[in-house]
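Below is one structure; the comments refer to it alone.
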Amino acid sequence: MSESGAPGAPGGMTAAVAFAGMRRVSPVVFKAGCPDCRGRFELAASALRLAIGATSRTTFYSFTCPECGSAVRKPAGERVVELLTGGGVRTLRLHSTV
Ligand SMILES: [Zn+2]
């Protein structure tokens, strides 16, 4: 029970790691995975939505799984936000009421 070394390295970083590998200019696709059917696929920027809240906890991106149709929502860290906005993903800002 004393193995929890690395701070800031939560378990679910796979999406961020996948995004970090996608720095091509065009065409812009983002690798994503579905937690429901565990499918892995590439999504165009137009298939993704990014919602930016007042804090990182309310900042997330979402998409519809092309394999099972499930609505997937995942938290987006700063780097992911940069990649998504830089890739032309539609962005919603949720600041107003917090
Ligand atoms: Zn799925």
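What follows draws every value from the coordinates through simple rules; no lab data is involved. Every value quoted in this text rests on a predicted model; they were computed, and no experiment measured them. Neighbour counts are summed over all protein chains in view; Cβ atoms, including those assigned to glycine, are modelled from backbone coordinates with ideal geometry.
What percent does the relative contact order of region 27-93 come to when contacts are Cα pairs within less than 8 Å and at least six residues apart? Each step should come with its number before you reach the end.
Working: 111 pairs, mean separation 21.1, N = 67.
Result for region 27-93 is 32 percent.
Using amide H atoms built 1.01 Å from N in the peptide plane, name the residues 5+ places from A51, or on other chains, whose amide H lies under 5 Å from its own.
F60, Y61, S62, L92
Could you pull out the GluC sites (Glu not before Pro) across region 27-87 that fall in loop regions by DSSP (anything but H, G, I, E, B) with no more than 14 other Cβ atoms inside 10 Å?
Taking region 27-87 and a limit of 14 other Cβ atoms within 10 Å, the loop GluC sites (Glu not before Pro) found are E67.
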